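The values are calculated or read from the model by the stated rules, or taken from the named source; none is laboratory data. All of these numbers come straight from a predicted model, not from anything done at the bench. Virtual Cβ from ideal backbone geometry, glycine too; neighbours counted across all protein chains shown.
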Amino acid sequence: MAKMDKKRPLILISNDDGYDYNGIQTLIKVARTIGDVFVVAPAVHQSGKSSAITFVNPVRTFLVKQEPGLTVYLATGTPADCVKLALSQLMADNMPDIVLAGINHGYNNGLNTLYSGTMACVFEGILHGVPSVAFSYGQYGSDVDTSVCEPIVKHVTERVLKGGLPKDVCLNVNIPKVEGGAFNGMKVTVGDMGRWVNEWEHRVDPTGRDYYWLTGEFEMADKGEGLTDYYWLERGYVTVTPTHVDQTDHASMSQIADLLLDNTL
């Protein structure tokens, strides 16, 4: 590991698109103006992996860059594997001050957080007690220019390093595509738990066999209330959604107890 400056924050970075994507390169660029950077990224594209982990095959790491203030590893596992490896092995003697994930090429808002490898990175971060922030940009091409995201990344990262986050809470930051990078502002929102419809396109290959291509349109749950990330992203606002790993519905526990718990068992 390259020598890190103890006077500067130590920042762990990962993603799901892979190290060659512009998003993570922009994230590294901004993070290096703030602190020392340690990257563990998937060796191949891993979008849509959610919090999948590798337990059948070994996970291997490859050191690809080492210079003052920057260390870069690639790992053969999933995004969750990358952060697990970093925090429990590669950085075990020098834990980071913050975990940053992204910048994802495409939104990770609303229901998409369930499938996102980018979000898995920050979920692993808070499971290890490290403040964590995921960044995503509303453009999906592999060669998208993500430089417009730089001021947002810098602002949020510096504020979180200074003020911290509530225990077990990470941030899901989505950045809209707007003309000239002129965002209308920033909103703290809830994720829009709408649903995907027309999710599969049926096709037939040249041999006559059926296959299916994932597609679909998202039906918003927010019908104009102005509470959710989808609503504000469509209006040119950066959205920040506080997110946590605990999926327990605490509000319904007594109702479920009344439904299931009696003296018949």
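Taking (1) under 29 Å from GLY180 (Cβ atoms); (2) among the small types (Gly, Ala, Ser); (3) touching a Pro at 6+ places or on another chain (Cβ under 9 Å) in turn, SER142 satisfies each apart from (3).
Restricting attention to region 30-58, and to residues there that are of a type outside the set (S, T, N, Q), part of a loop (DSSP other than H, G, I, E, B) and at pLDDT 90 or above, which single residue is surrounded by the most Cβ atoms within 10 Å (Cβ to Cβ)?
Restricting attention to region 30-58, the residues satisfying the condition of being of a type outside the set (S, T, N, Q) are 30-32, 34-45, 48-49, 52-53, 55-56, 58.
Now narrow it down to the ones that are part of a loop (DSSP other than H, G, I, E, B): 34-35, 43-45, 48-49, 52-53, 55-56, 58.
Still in the list and also at pLDDT 90 or above: 34-35, 58.
Values: ILE34: 18, GLY35: 21, PRO58: 8.
Ranking the candidates gives GLY35 first.
Among the residues making up region 160-200, those that are of a type in the set (D, E, K, R) and either under 19 Å from PRO131 (Cα atoms) or surrounded by 18 or more Cβ atoms within 10 Å (Cβ to Cβ) (or both) are LYS162, LYS167, ASP168, LYS187, ASP192. Scanning region 186-221 for residues that are of a type in the set (Gly, Ala, Ser), over 21 Å from the mean Cα position of the chain (by Cα) and closer than 19 Å to GLY106 by Cα yields a count of 1. Among the candidates LEU100, LEU87, which residue alone is in a strand (DSSP E or B), crowded, with 16+ Cβ neighbours inside 10 Å and touching a residue at least 40 places away in the same chain (Cβ under 8 Å)? From the options LEU100, LEU87, the qualifying one is LEU100.
To keep it simple, each residue is scored yes or no on (1) more than 19 Å from ASP229 (Cα to Cα); (2) of a type in the set (Val, Ile, Thr); (3) within 10 Å of the chain's Cα centre (by Cα).
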{"site": "HIS128", "(1), (2), (3)": "yes, no, no"}
{"site": "PRO131", "(1), (2), (3)": "yes, no, no"}
{"site": "SER136", "(1), (2), (3)": "no, no, yes"}
{"site": "LEU165", "(1), (2), (3)": "yes, no, no"}
{"site": "PHE183", "(1), (2), (3)": "no, no, no"}
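In the set (1) farther than 20 Å from LEU161 by Cα; (2) under 15 Å from the mean Cα position of the chain (by Cα), LEU63 fails one condition alone, (2). Counting only strands (runs of 3 or more DSSP E) that sit completely within region 117-209, those holding 1 or more residues that are out of contact with any helix residue (DSSP H, G or I) (no Cβ under 9 Å at 6 or more places or on another chain) and aromatic (Phe, Trp, Tyr) correspond to 200-204.
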